[in-house]
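Worksheet: the structure to be examined is printed underneath.
The values are calculated or read from the model by the stated rules, or taken from the named source; none is laboratory data. Everything numeric here is computed off the predicted structure, so don't read it as measured data. Glycine also receives a Cβ, built like all others from the backbone with ideal geometry; neighbour counts cover every protein chain displayed.
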Amino acid sequence: MKAGMVIIGAGECGARAATELRSAGYAGPITLVGAESHLPYERPPLSKDAICEAEMPAPKTILDADSLKTLDIRHIGGNGVARIDRETRRIILADGTALPYGRLLLATGAAPRRLASAPESAHIAYLRSYDDALAIRARLAEGAHAAIIGGGFIGLELAASARKRGAAVTLIEAQPRILMRGVPAEIAAHVHAEHATNGVTLLTGQGIAAIETDDKGVRITLADDRMVAAELLIVGIGASPVTELAEAAGLAVDNGIAVDACLRSSDPHIFAAGDCCSFPFALYGGRRVRLEAWRNAQEQGVLAARNMLGATETHTSVPWFWSDQYGLSLYIAGLADEATTTIRRDIAPDAFILFHLAVDGRLVAASGIGPGNAVARDIRLAEMLIARGARPALDHLASAEVKLKTLLAA
Amino acid sequence: MSIWIEACAADDIDEEDVMRFDHDGRTFAIYRSPDDEYFATDGLCTHERIHLADGLVMDDIIECPKHNGRFNYKTGQAKGAPVCVNLKTYPVKVEGGRVLLQVG
């Protein structure tokens, strides 16, 4: 068998990479290997429509059987990868099958971080896959009580979806506020209020003393001795990059599979992209960054595919992220951690954007929240300003009268 | 059938911008191009039914605000993943400063 392009991980990133290999004119064999039995599907609905729709929607496929056939992409589902043999350039599947590769892409994603104090139980769930969403749905009947540990995006989106299904929800966050990582306090407060209005009990700054389970559910003892009883406990405390295969194969790993700006790993025949990799980000001073986001997974999948075919393009896109909760949407572009100045622009009575600027006046990030997609366009324009390294005047950013598009033209 | 519906005033929409127009239970997006021509398409993205009027117009392109799917709003053509189904377009004319849309 001719060694072609092999992709491990059939999620958003791997599927986009496979498609791009063909679009870029590659005519050899492409194999997409996934641990799940489903065809490649979109994950964003799993915390939203997949939970709150009256009927469980089918997975939203990225590559259906017809597309795979048309593009001549071989999809191997339901078969994990046991190891990578770099000497002979082959991967060995769980069932023993060996697949040779000319170039290999690791698009292995991230896995939910486990809560050490939580026992194994059918009443304790994590969310990453369609099957995880099915398991969560099954326990979210009207009137059920769901406890959620973790006030990040997964926990909050699931809280909103569980409320929509008629479940009572208690959300427990160890940090003093929700969305501590990457979201400004002003926006987190807005989100917090929306959840409170919708009947979620939010307990912030609250540690967990013990978690016990029986055949009916879960009992969580909080650090202050209060007790929360629930039929279902969902743990959403972040995700870790899936790097086991890479580590076992001796590839460099540094908060994810370490790649260069062209997404090459420490082995020139192996690339990594998406949630599983960390890369030096020129736009933010060349520091090593790992992103967990839908659009990044796509963009890096496409970029890796081109570079697997010999291009030397580097990652330049501005990070971009969104979250939907109730009727609210939150959008973030860029990385705000080096910001020293924040400017607020009110777009509507219930919609605003915060612009984050570095000490040298560069716009480095923008975060916004509002009903529906009220802030989406301005966040998109902010993203374009960030990409250009723009140093917009503060009074222009603050005034909704000044169209951001005009700043882009400046 | 040729039913022309009055949608808005011509100067309700800035150049290189878009506006939502709802009529009879349907939703449309009306565009004014950088060269001052008017166009109309279905209002919802063919990917996840998001209102395109919240998106960004760049030259001939409307970009969905949610997942960045792109269409040429003059032809309705989908410009690649995640959108693969074209947008339906509708004839538009401007008469007496009013934008009319043929939805029949």
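Somewhere in the range A:335-353, is a residue buried (at least 23 other Cβ atoms within 10 Å of the Cβ), within 14 Å of another protein chain (Cβ to nearest Cβ) and touching a helix residue (DSSP H, G or I) at 6+ places or on another chain (Cβ under 7 Å)? The answer is yes, given that some residue of the range A:335-353 is buried (at least 23 other Cβ atoms within 10 Å of the Cβ), within 14 Å of another protein chain (Cβ to nearest Cβ) and touching a helix residue (DSSP H, G or I) at 6+ places or on another chain (Cβ under 7 Å).
Determine which member of the set A:242, A:191 is touching a helix residue (DSSP H, G or I) at 6+ places or on another chain (Cβ under 7 Å), surrounded by 15 or more Cβ atoms within 10 Å (Cβ to Cβ) and either within 16 Å of residue A:176 (Cα to Cα) or without any contact (Cβ under 8 Å) to a residue 40 or more places away in the chain (or both). Step through it out loud before you land on a result.
Numbers: A:242 fails: either within 16 Å of residue A:176 (Cα to Cα) or without any contact (Cβ under 8 Å) to a residue 40 or more places away in the chain (or both).
Only one candidate qualifies: A:191.
On inspection, residue A:373 passes the criterion of being within 14 Å of chain B (Cβ to nearest Cβ), at pLDDT below 95 and either buried (at least 22 other Cβ atoms within 10 Å of the Cβ) or not in a loop (DSSP other than H, G, I, E, B) (or both).
Under the condition of being in a loop (DSSP other than H, G, I, E, B), out of contact with any Leu (no Cβ under 6 Å at 6 or more places or on another chain) and more than 14 Å from chain B (Cβ to nearest Cβ), which residue from the range A:382-410 is surrounded by the fewest Cβ atoms within 10 Å (Cβ to Cβ)? Step through it out loud before you land on a result.
Residues of the range A:382-410 in a loop (DSSP other than H, G, I, E, B): A:388-393, A:399-403, A:410.
Add one more test, that the residue is out of contact with any Leu (no Cβ under 6 Å at 6 or more places or on another chain), and what stays is A:388-389, A:391, A:393, A:399-403, A:410.
Now narrow it down to the ones that are more than 14 Å from chain B (Cβ to nearest Cβ): A:388-389, A:391, A:393, A:399-400, A:410.
Working: A:388: 12, A:389: 13, A:391: 13, A:393: 13, A:399: 13, A:400: 15, A:410: 9.
Filtering first and then ranking leaves A:410.
Listed by first and then second residue, the pairs with beta-carbon distance under 6 Å, at least 6 apart or on different chains, first residue in the range B:4-31 and within 14 Å of chain A (Cβ to nearest Cβ), second polar (S, T, N, Q) and surrounded by 15 or more Cβ atoms within 10 Å (Cβ to Cβ), are B:29/B:41.
What do you reckon, is residue A:108 closer than 30 Å to residue A:26 by Cα, under 23 Å from the mean Cα position of the chain (by Cα) and hydroxyl-bearing (Ser, Thr, Tyr)? Against the criterion (closer than 30 Å to residue A:26 by Cα, under 23 Å from the mean Cα position of the chain (by Cα) and hydroxyl-bearing (Ser, Thr, Tyr)), residue A:108 qualifies. Where strands (runs of 3 or more DSSP E) fall entirely within the range A:127-224, those with at least 1 residues that are closer than 30 Å to residue A:40 by Cα, in contact with a Ser or Thr (Cβ under 9 Å, 6 or more places away or on another chain) and not aromatic (Phe, Trp, Tyr) are at A:145-149.
Specify which of the listed residues (A:108, A:88) is surrounded by 20 or more Cβ atoms within 10 Å (Cβ to Cβ), touching a strand residue (DSSP E or B) at 6+ places or on another chain (Cβ under 9 Å), at pLDDT 95 or above and not in a strand (DSSP E or B).
Numbers: A:88 fails: surrounded by 20 or more Cβ atoms within 10 Å (Cβ to Cβ).
Every option except A:108 fails the conditions.
Note on the range B:53-71: among residues that are assigned to a strand (DSSP E or B) and either crowded, with 21+ Cβ neighbours inside 10 Å or free of Cβ contacts under 8 Å to residues at least 40 places away in the same chain (or both), the one that is farthest from the other protein chains (Cβ to nearest Cβ) is B:71. Whether any residue in the range A:361-370 is more than 27 Å from residue A:45 (Cβ to Cβ), more than 19 Å from the chain's Cα centre (by Cα), more than 14 Å from every other protein chain (Cβ to nearest Cβ) and part of a strand (DSSP E or B) is what I want to check. Within the range A:361-370, one or more residues are more than 27 Å from residue A:45 (Cβ to Cβ), more than 19 Å from the chain's Cα centre (by Cα), more than 14 Å from every other protein chain (Cβ to nearest Cβ) and part of a strand (DSSP E or B).
For residue B:91, are the conditions met, namely being loosely packed, with under 15 Cβ neighbours inside 10 Å, over 29 Å from residue A:61 (Cβ atoms), without any contact (Cβ under 8 Å) to a residue 60 or more places away in the chain and within 14 Å of another protein chain (Cβ to nearest Cβ)? Criteria not met by residue B:91. Residues in the range A:227-275 that are more than 28 Å from residue A:212 (Cα to Cα) and among the charged types (D, E, K, R) were compared, and the one that is farthest from the chain's Cα centre (by Cα) is A:267.
Entry remark, the range A:354-365: residues being touching a Lys or Arg at 6+ places or on another chain (Cβ under 9 Å) and either β-branched (Val, Ile, Thr) or buried (at least 21 other Cβ atoms within 10 Å of the Cβ) (or both) number 4 in total. Within the range A:271-288, being crowded, with 19+ Cβ neighbours inside 10 Å and in a strand (DSSP E or B) holds for A:271, A:272, A:277, A:278, A:279, A:281.
Out of A:3, A:17, A:24, I need the residue that is surrounded by fewer than 22 Cβ atoms within 10 Å (Cβ to Cβ), under 16 Å from residue A:271 (Cβ atoms), in contact with a helix residue (DSSP H, G or I) (Cβ under 7 Å, 6 or more places away or on another chain) and of a type outside the set (Phe, Trp, Tyr). Which one? Steps first, please.
Values: A:3 fails: in contact with a helix residue (DSSP H, G or I) (Cβ under 7 Å, 6 or more places away or on another chain); A:17 fails: surrounded by fewer than 22 Cβ atoms within 10 Å (Cβ to Cβ).
None of the other options fit; the residue is A:24.
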